[in-house]
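Take a look at the structure set out below.
The values are calculated or read from the model by the stated rules, or taken from the named source; none is laboratory data. These numbers were taken from a predicted model, which means no experiment stands behind them. Here Cβ is always computed from backbone atoms with ideal geometry, including for glycine, and neighbour counts include all displayed protein chains.
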């Protein structure tokens, strides 16, 4: 049964619904999904893809194409490449009678392309940053028309501007992550550890957070912030930080101060990322039974981010060689976690640890220190 063209009222509803969704989307993936769905519904297409330009690799790619995963093609190839280079929309009634059609995409997906409409879109400066491409008209007239071009051009005009805004936001977040990771590595380098320690703790924390039931957004926030857990070590003297023998009580108190120092460095920020890093820096040495430091918090008084990082940090600390100890075998680490359940660690998180242990071991192997 053929689909019917949208009435003007239905078209307006689709536009209003999707512009609201796009405006409230928090990440690039969500924006691209809404863009593809909006285009598909507006012109009654079977599939819709949103193509973006990967300038460093001279490719075009789409992570959102109905029915398939990511696709990549050489920049300038295919109908979408031709449209982006020329800056002009393209409508084709029968793709296999057009030399510009890249049949490799159909071979990759097992899908038969017939009719195509492609419309490039620009950012606020008027530079082309990608293109809409809809495939196979679902109405009785089985090809795209000038009216479809008008509708899809309208969607492209709005979506291109929104897409640039989200891409800029994600670039800022990526920059923050890079800075945080680098700063975290500074603390580890001073204590003769490698940058892989903070990377592993970040990845362990992410897996445990998801296993515990935190949202993807919360788990990602923790993964990004956790490299700063030991940033306070930058203020600890080398003579104490790298002492191979047993610390005196006075030296141990100095070591413990890195939690407060880290928190003080970070907690004044208005950025959620740095506020989260402050929590992790201050609380990752607190213990479930209240015997930890610096504040002697217990149970759920300890923020879940602090509790998760404690598990991740101890797992990595025991797994790795340090100046003062060899690496522990896995069975010895697991025995310690069992013994410290309800004392050092949140019992529920230890259940998650054992459940997710295969994933943690994959991460440990992937990010192994190179001597």
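Residues of the stretch 1-58 being surrounded by fewer than 17 Cβ atoms within 10 Å (Cβ to Cβ) and closer than 22 Å to residue 77 by Cβ, which ones? Within the stretch 1-58, 54, 55, 56, 57, 58 meet the criteria. Here the stretch 117-138 is the region considered, the condition is being over 26 Å from the mean Cα position of the chain (by Cα), at negative phi and at pLDDT 90 or above, and the residue that is surrounded by the fewest Cβ atoms within 10 Å (Cβ to Cβ) is 138.
For the stretch 95-111, enumerate the residues that are assigned to a loop (DSSP other than H, G, I, E, B) and either within 15 Å of residue 73 (Cα to Cα) or without any contact (Cβ under 8 Å) to a residue 24 or more places away in the chain (or both). Passing the criteria: 98, 99, 100, 101, 102, 110. Sort through 90, 73 and tell me the only one that's over 27 Å from the mean Cα position of the chain (by Cα) and buried (at least 18 other Cβ atoms within 10 Å of the Cβ). Residue meeting the stated conditions: 90. Of the residues making up the stretch 264-274, those that are surrounded by 15 or more Cβ atoms within 10 Å (Cβ to Cβ) and closer than 22 Å to residue 219 by Cβ are 266, 273, 274. Going through (1) modelled with pLDDT of 90 or more; (2) in a strand (DSSP E or B) one by one, residue 88 falls short only on (2). Checked against the criteria, residue 218 does not count as under 22 Å from residue 294 (Cβ atoms), at pLDDT 85 or above and surrounded by fewer than 21 Cβ atoms within 10 Å (Cβ to Cβ).
Here the stretch 280-291 is the region considered, the condition is being in contact (Cβ under 8 Å) with a residue 40 or more places away in the chain and crowded, with 22+ Cβ neighbours inside 10 Å, and the residue that is nearest to residue 260 (Cα to Cα) is 281. Listed by position, the helices (runs of 4 or more DSSP H) inside the stretch 237-349 whose residues that are at pLDDT 95 or above number at least 1 are 272-283, 304-319, 330-339.
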